Amino acid sequence: MSKINLLPWREELREKQQKFFVNALVLSVLVTCLVFGGVYQYIEGKKSYQGKRNAFLEEKIAEVDKKIEEIKKIQAKKERLRTKIESIEGLQASRTEIVHVFDELKKITPEGIYLTEFIQLGDKLTFKGNSTANSEISALMDAIVDSEWLNLDGSGLKKIDGRKRSEKEKDSQFIIFAKQIRAKDKKKAEEDLEDLEAK
């Protein structure tokens, strides 16, 4: 009986299996590399797209910031103009008020009072003068309180000086602090009075 040697066949089978395994391994590595490469390209594409979008958004944000700065400058100019307009309107409205003040002074100044100096700073008024009697100063202060266009400042009367101006005359020198009642304040006071009367 003859013996058959199966070793070369097994070796060939083993070599084929090894080649198949190596080929399958190489193929799987290549497929994996291709998959990873595709995923990497996809992610890089997404990153690039997102970077472009971010750059576009940053550009638009910069444009909006410039517009906001321009709007702030315009608003500041508008506020300055509004302040100037209000100042001009205030001056226009108060232009005739000083005439009323002088007219009122003429009406309320009692005989025996001689005003020597009149100072106005804003709505603050300072009257300096001489009087033949202290009662006349008191009458002037009462008239200022009752006046339509004037009122006493919180300080009221500052100084009465009874020094002689000459041997024959004895006049008192005085300083009275008052304030001018503005037309808008007067209007508001009249509206408040009407509201009180209505109640």
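Values quoted throughout were computed directly from the atomic coordinates according to the rules given, and no laboratory measurement underlies them. What you see is a predicted model, and the numbers here were worked out from it, not measured in a lab. In this analysis, Cβ positions are derived from the backbone assuming ideal geometry, glycine residues included, and neighbour counts consider all displayed protein chains.
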> Residue farthest toward the positive end of the dipole of region 8-49, with Cβ of Lys/Arg at +1 and Asp/Glu at -1: which of Asn23, Gly38, Leu13?
Replying inline: Gly38
>> Using a 7 Å offset from the Cα along the Cα-to-Cβ direction at both Gln18 and Ser135, what is the distance between the two label points in nm, to one decimal?
In response: 14.3 nm
> Ile181's amide H: which non-local residues (gap 5+, or another chain) put their own amide H closer than 5 Å, with H modeled 1.01 Å from N in plane and none for Pro or chain starts?
Replying inline: Leu150, Asn151
> What are the residues whose amide H is under 5 Å from the amide H of Asp171, where those residues sit 5 or more places off or on another chain and H is modelled from the backbone?
Replying inline: Arg165, Ser166
> Given labels modelled 7 Å from the Cα in the Cβ direction, how far is it in nm from Asp142 to Ser28?
Replying inline: 11.9 nm
